[in-house]
Amino acid sequence: MGDFNLTVILDAIRRAPGGLSRVELAQIVGLSPQTISNISRRLLDQHLIVEAGKEGTGPGKPRTMLRLNPAGMYAVGVHLDPAVLTFVVLDLLGAVVRHSRISTPPGTDPRAVIDTISDEIKRLIMDSGVDPDRIAGLGVASPGPIDLNDGAVVDPPLLPGWDHVGLRDALAEATGLSTIMDKDVTAAAVAETWAGGPSGEGSFVFMYMGTGIGCGIVLNDEVVRGTSGNAGEIGHIIVDPGGALCDCGQRGCVKSSAIPQVLVAQAEAAGVLDGSLQERSAPAVQERFAQLCAIADAGNEEAKEIIRRSAVLVARAVSAITNALDVDRVVFGGPFWTCLSAAYLELIPALVDANSATRKIHGIEVVGTGVGEDVGAVGAACLVLEHTLAPRSQRLLLEG
């Protein structure tokens with residue numbers, strides 16, 4: 001209970017950018033002033049919070065404000081993408097202290113990728129100037145599906161050779177850092193709760209626009225992972241019943257209708273993109289998709305229609321998800337989000353509202369991420385902060 005109360009207080013301070021006084025904390029979290037005082041002293045001694053001046057406008061003496069200490073704790077994050085590896089060092093506020101990005105080594109040998117990740121993490125920490133003793137751990141965001149218990153990557157698309165690879169333990173051994181692994185879409189949702197500002201509050205789904213399309217789920221400020229840690233696999237929601245055949249045997253799934261590889265193929269067939277993409281690797285798809293978006297931005301109507309059509313299909317998937325979960329908002333992000341954002345934010349909000357089962361009760365906000373393009377890597381580092389500091393119901397369980 002003591003640890004849970006500590007994390008509740010820390011979370012309340014984190015969510016108040018201007019800080020909170022001890023009196024305000026007692027009012028917000030419902031704990032006694034003595035408990036607030038005792039826990040505040042612990043947090044001050046651990047350098048997780050600081051006393052940041054006095055404020056007060058009413059009667060009585062000014063109150064001392066408590067705020068997070070950005071330098072009180074750091075976390076390292078890496079996002080494993082089939083095309084690119086992204087790395088960040090975050091401070092306690094979720095701000096990026098150091099960042100790097102390198103190409104994912106080609107081939108089918110996971111060991112080569114693991115060695116590359118380990119070497120880059122060590123270099124990044126050294127370049128950041130952060131005291132290694134202040135680094136709480138390493139977070140890894142991986143394409144799904146994953147085995148959460150074993151910390152293993154389980155045969156994800158576009159990563160051939162990654163069949164039940166124990167990535168978490170391999171990186172823990174190679175770096176010497178306590179390591180946590182999660183799905184990239186879940187990590188992105190965690191990033192939004194920790195560093196996204198207002199868009200990361202309450203109940204929302206994070207629509208991750210990457211090589212594939214998935215969603216992270218947050219209900220009442222708690223991330224939902226599912227039984228095996230693979231919640232949010234939405235690739236086989238049918239959005240176009242008469243559409244292309246999917247490898248699952250159905251027609252018109254998200255996976256066969258709306259992911260970047262499909263849109264690139266449509267652009268090639270329509271002559272919008274010259275030639276045909278022979279190499280279907282993630283880097284090749286990424287490059288061709290960027291070309292398609294650039295052509296659409298330049299005013300090519302066929303290219304714009306391909307993007308608009310994908311927005312309609314994605315909106316159908318979003319509507320199915322939001323109706324099932326009854327959330328406050330939809331947050332879009334991920335490596336392919338930037339070039340889709342204008343068309344998607346123009347079309348999707350109205351489509352989601354029109355199909356909302358609760359539209360007469362509450363609206364559903366549709367926004368872009370408040371974290372930025374590196375939301376996967378930021379989310380990976382935020383996994384460490386969440387695990388260490390965020391209030392979770394599991395903390396209330398008594399161990400025998």
From the option list Leu158, Leu219, Leu148, Leu167, single residue qualifying as surrounded by 23 or more Cβ atoms within 10 Å (Cβ to Cβ) and over 14 Å from the mean Cα position of the chain (by Cα) is Leu167
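Restrict the check to segment 332-349 and report whether at least one residue is assigned to a helix (DSSP H, G or I), among the polar types (S, T, N, Q) and more than 21 Å from the chain's Cα centre (by Cα). If you could, list the steps in order and put the result at the bottom.
Our first condition is that a residue be assigned to a helix (DSSP H, G or I); within segment 332-349, this holds for 337-349.
Okay, now just the ones that are also among the polar types (S, T, N, Q), so 338, 341.
In the following step, the residues that additionally are more than 21 Å from the chain's Cα centre (by Cα) were identified as none.
No, every residue in segment 332-349 fails to be assigned to a helix (DSSP H, G or I), among the polar types (S, T, N, Q) and more than 21 Å from the chain's Cα centre (by Cα).
Filter segment 15-52 down to residues that are among the small types (Gly, Ala, Ser), over 24 Å from Ile135 (Cα atoms) and buried (at least 17 other Cβ atoms within 10 Å of the Cβ), then give me how many there are. First the steps, then the outcome.
Step one: filter segment 15-52 for residues among the small types (Gly, Ala, Ser), giving 16, 18-19, 21, 26, 30, 32, 37, 40, 52.
Adding the requirement that they be over 24 Å from Ile135 (Cα atoms) leaves 18, 21, 26, 30, 32, 37.
From what's left, buried (at least 17 other Cβ atoms within 10 Å of the Cβ): 21, 26.
Residues meeting the conditions: 2.
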Checking Asp131, Asp155 in turn, the sole residue that is outside the structural domain of Gly235 (by TED's automatic domain parsing) and under 26 Å from Lys255 (Cβ atoms) turns out to be Asp155
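This table checks each residue for (1) surrounded by fewer than 21 Cβ atoms within 10 Å (Cβ to Cβ); (2) modelled with pLDDT under 95; (3) of a type in the set (Ser, Thr, Tyr).
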position: Leu263; (1), (2), (3): no, no, no
position: Ala284; (1), (2), (3): yes, yes, no
position: Glu287; (1), (2), (3): yes, yes, no
position: Ile295; (1), (2), (3): yes, no, no
position: Val312; (1), (2), (3): yes, no, no
position: Val318; (1), (2), (3): no, no, no
position: Cys339; (1), (2), (3): yes, yes, no
position: Leu347; (1), (2), (3): yes, no, no
Per the filter on segment 248-275, residues more than 23 Å from Ile348 (Cα to Cα) and touching a strand residue (DSSP E or B) at 6+ places or on another chain (Cβ under 9 Å) are Gln250
> When you look at Phe87, is it in contact (Cβ under 8 Å) with a residue 24 or more places away in the chain and within 24 Å of Gly210 (Cα to Cα), yes or no?
Replying inline: yes
Taking segment 61-81 and keeping residues assigned to a loop (DSSP other than H, G, I, E, B), surrounded by fewer than 21 Cβ atoms within 10 Å (Cβ to Cβ) and modelled with pLDDT under 90 leaves Lys61, Pro62
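Would you confirm whether any residue within segment 128-139 is farther than 29 Å from Asp11 by Cα, buried (at least 21 other Cβ atoms within 10 Å of the Cβ) and of a type outside the set (S, T, N, Q)? Before the answer, list the steps.
As a first pass, look at segment 128-139 and keep what is farther than 29 Å from Asp11 by Cα: none.
There is no residue in segment 128-139 that is farther than 29 Å from Asp11 by Cα, buried (at least 21 other Cβ atoms within 10 Å of the Cβ) and of a type outside the set (S, T, N, Q).
Would you say Glu305 is at pLDDT below 95 and in the same structural domain as Leu273 (by TED's automatic domain parsing)?
Here the answer is no, as Glu305 does not meet what is asked.
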The lone condition Gly271 fails out of (1) surrounded by fewer than 18 Cβ atoms within 10 Å (Cβ to Cβ); (2) part of a helix (DSSP H, G or I); (3) of a type outside the set (Val, Ile, Thr) is (2)
TODO: Please verify whether segment 295-312 includes one or more residues that are in a loop (DSSP other than H, G, I, E, B) and either touching a strand residue (DSSP E or B) at 6+ places or on another chain (Cβ under 7 Å) or over 21 Å from Thr338 (Cβ atoms) (or both).
DONE: no
Please verify whether segment 162-175 includes one or more residues that are hydrophobic (A, V, I, L, M, F, W, C), in contact with an Asp or Glu (Cβ under 8 Å, 6 or more places away or on another chain), at pLDDT 95 or above and not assigned by TED's automatic domain parsing to the domain that holds Val366. yes
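The values are calculated or read from the model by the stated rules, or taken from the named source; none is laboratory data. Worth saying up front: this structure is predicted, and the values here are computed from it rather than measured. Note that we place each Cβ from the backbone using ideal geometry, even for glycine, and neighbour counts take in every protein chain shown.
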